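For reference, the structure is listed below as structure tokens.
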Amino acid sequence: MSGEIGDGVVFANAARSHLPNSLSLLPEEKRDDSDFFIGNMIPTCISDDIESAAAINRRTLRMYLGLPNYRNYWKEAGYIEEMEAVETALEAGERERLPELMTDAWLSDCRLYGPTSRVLEGLEAWHSAGLRTPILVPSSAAGSQMKAFEEMFALFDSL
């Protein structure tokens, strides 16, 4: 619908590896039109401690795993095993198991986390996949939301 009547599309929690497929569904003239907005909300945690940053992203992702539309999308994106394991855990009432079911590959495909260099490489990869406007949604492994914004500003100061 965004390609038929809209001026753009905004994804949320898209899988980078699946973005070219999603964009291929847009009319070619929209894909080639630089005025057509193509954005994605990408939860981002900048930290030299990759495991802590991954844990933060896993925590913020838990809510989305409870929503069938997101699970169906991630299955379409190739994460069938992961989503079936999540669904089994949800059916059993084992929500506390969700973080352990989020594979690093899947997390890295849908989120940005880790040191500045890794996050910047991830942004480049998103652009290469066809994303025009990354909408970074910051979280911090070392503090509050304000700390997350400080880390985000520092990321771009490093350029």
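The values are calculated or read from the model by the stated rules, or taken from the named source; none is laboratory data. All of these numbers come straight from a predicted model, not from anything done at the bench. Counting neighbours? That spans all protein chains shown, and the Cβs are built from the backbone with ideal geometry, glycine included.
Any residue in segment 65-94 that is more than 13 Å from residue 106 (Cα to Cα) sitting within a Cβ distance under 9 Å of a residue that is surrounded by 15 or more Cβ atoms within 10 Å (Cβ to Cβ) and among the β-branched types (Val, Ile, Thr)? List the pairs, counting only those 6 or more apart or interchain.
These pairs meet every condition: 66/86.
If you scan segment 34-49, which residues turn out to be of a type in the set (D, E, K, R) and touching a residue at least 40 places away in the same chain (Cβ under 8 Å)?
48, 49
All but one of (1) surrounded by 20 or more Cβ atoms within 10 Å (Cβ to Cβ); (2) assigned to a helix (DSSP H, G or I) hold for residue 61; which doesn't?
Among (1) surrounded by 20 or more Cβ atoms within 10 Å (Cβ to Cβ); (2) assigned to a helix (DSSP H, G or I), residue 61 violates only (1).
Within segment 33-68, which residues are of a type outside the set (A, V, I, L, M, F, W, C) and within 15 Å of the chain's Cα centre (by Cα)?
39, 40, 43, 44, 57, 58, 59, 60, 62, 64
For segment 1-20, how many residues meet the condition of being in contact with an Asp or Glu (Cβ under 6 Å, 6 or more places away or on another chain), among the small types (Gly, Ala, Ser) and either assigned to a loop (DSSP other than H, G, I, E, B) or buried (at least 18 other Cβ atoms within 10 Å of the Cβ) (or both)?
Going through segment 1-20 one residue at a time, the tally reaches 1.
If I go through segment 136-153 residue by residue, how many of them are surrounded by 14 or more Cβ atoms within 10 Å (Cβ to Cβ) and touching a strand residue (DSSP E or B) at 6+ places or on another chain (Cβ under 8 Å)?
Final tally of qualifying residues: 9.
When residues of segment 1-54 are filtered for being among the polar types (S, T, N, Q) and over 13 Å from residue 130 (Cβ atoms), how many remain?
Of the residues in that region, 5 qualify.
Does at least one position in segment 105-115 carry a residue that is among the charged types (D, E, K, R), in contact (Cβ under 8 Å) with a residue 12 or more places away in the chain and touching a strand residue (DSSP E or B) at 6+ places or on another chain (Cβ under 6 Å)?
Yes, some residue in segment 105-115 is among the charged types (D, E, K, R), in contact (Cβ under 8 Å) with a residue 12 or more places away in the chain and touching a strand residue (DSSP E or B) at 6+ places or on another chain (Cβ under 6 Å).
Taking the condition over 30 Å from residue 35 (Cβ atoms), modelled with pLDDT of 95 or more and not hydroxyl-bearing (Ser, Thr, Tyr), does residue 92 pass?
When the stated conditions are applied, residue 92 passes them.
Here is a list of conditions, (1) closer than 26 Å to residue 149 by Cβ; (2) modelled with pLDDT under 95, and residue 34 meets all of them except one; can you say which number that is?
Result: residue 34 passes all but (1).
For segment 28-49, which positions are hydrophobic (A, V, I, L, M, F, W, C) and surrounded by fewer than 16 Cβ atoms within 10 Å (Cβ to Cβ)?
Across segment 28-49, the qualifying residues are 37, 41.
Give me the pairs: first residue in segment 1-23 and hydroxyl-bearing (Ser, Thr, Tyr), second residue in a helix (DSSP H, G or I) and modelled with pLDDT of 95 or more, beta-carbon distance under 6 Å, and six or more apart or on different chains, which are they?
Listed by first residue and then by second, the contacts come to 17/109.
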